[in-house]
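Accompanying notes for the structure given below.
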Amino acid sequence: MQTGRARETKKMEPRCVECGFPIKTLFVQYSPGNIRLMRCENCKAVADEYIECEFMIISIDLILHKTKAYRHLLFNVIKQHTVNFEGSLWKSIFAFLLLDAYRSLLLKRNEGEWGSSMSFSSIVWTFQEIIVDVFVGNFVFLCILLLSMRLVLNSTIQISRCKDIMLAVLVSSYFKIFLIATMVWEFPSSVIFIIDLFVLSFNTVALKVITDSTMNRCIAACFCAQAAKLLVSQNRKY
């Protein structure tokens, strides 16, 4: 029992953004606005320099695929064991599926399958098709991703570990929000696929950080999962 509690306590500890080593505290606050950043016992560097950075700087480093920024976001910002983790996970899933459904709608509009002249029954059928495609495609993506990570890590993945991987993938898919820009400006379909590539690359970095695996293995896992998702979506059209 004590061993299990010790492991849970270790998971709750923040991480050094430089080397990923667990530390007890990121900073010491002497008074409001007066803090001292702590140094990592392993690499001797400042444990988390992003504490004093603006959100825009963190966002830029996330876009630049810096593992330090992803460690800060996943381990030191998202308090998985101190806030309502289940609620955060379900909200992230809902936002992810909603953006993915909008992506499918954009593709149908660009392919001429969606227009103002459609009948009510056609609109209902199209929405049903989009919903089924989004759920089935992402279910396959997640299953292949978890299976690939299990093979990469050479061990079974516990439920808590699955949730961590799921949240890492969902959070790192934030770039999908740029699809909202298509409500204002017209973009070709190629822009949608460029956004997909960016999202996939962000997923890769997040997986590397959350699993401590190599980049090549994470790229392979994400590529296999995305390929399976696209294959299922294409087969459903025919």
Using a 1.4 angstrom probe on the protein heavy atoms only, line up Tyr102, Tyr30, Tyr174, Tyr50 by accessible area, largest first.
Tyr30, Tyr174, Tyr102, Tyr50
Check which residues have an amide H placed less than 5 Å from Arg39's amide H, if you skip close sequence neighbours.
Ala47
Mind checking the log10 I(q)/I(0) for the chain at q = 0.08, 0.09, 0.11 Å⁻¹? Debye, one equal scatterer per Cα, no solvent, two decimals.
-0.37, -0.46, -0.66
Starting from the Cα-Cα distance between Lys108 and Gln158, subtract it from 0.36 nm times their residue separation and give me the gain in nm to one decimal.
14.2 nm
At a 1.4 Å probe radius, carbon and sulfur cover how many percent of the accessible area of the chain?
64
Would you calculate the separation in nanometres between label points at Ile63 and Phe94, each defined as 7 Å from the Cα along the Cα-to-beta-carbon direction?
2.8
Rank His65, His72 by accessible area, highest first, at a 1.4 Å probe radius?
His65, His72
Please sort through the DSSP H helices of the chain and keep those with an alpha-carbon extent of at least 27 Å along the long axis and a Kyte-Doolittle average not below 1.6.
120-153, 189-211
As I understand it, the dipole of the chain uses +1 on the Cβ of Lys and Arg and -1 on the Cβ of Asp and Glu, about the Cα centre. Which of Leu37, Ala227, Phe96 lies farthest toward its positive end?
Leu37
Just list whichever of Lys91/Lys163; Lys208/Lys229; Lys68/Lys229 have alpha carbons separated by over 23 Å in the model shown.
Lys68/Lys229
Dipole moment magnitude, nearest 20 debye, the chain about Cα centre, only Lys, Arg, Asp, Glu C-beta charged
720
Computed [θ] at 222 nm, deg cm²/dmol, the chain (DSSP H ≥ 4; -39,500 (n - 2.57); rounded to nearest 500):
-20500 deg cm²/dmol
By residue number, which cysteines of the chain lack any other Cys whose Cβ falls under 4.7 Å from their Cβ?
Cys53, Cys143, Cys162, Cys218, Cys222, Cys224
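The values are calculated or read from the model by the stated rules, or taken from the named source; none is laboratory data. From a predicted model like this one, the values you see are computed outputs, not experimental measurements. Positions of Cβ are generated from backbone atoms using ideal geometry, with glycine treated the same way; all protein chains shown enter the neighbour counts. Note: areas computed on protein heavy atoms with side chains; ligands, DNA, RNA excluded. Shrake-Rupley method; radii C 1.70, N 1.55, O 1.52, S 1.80 Å.
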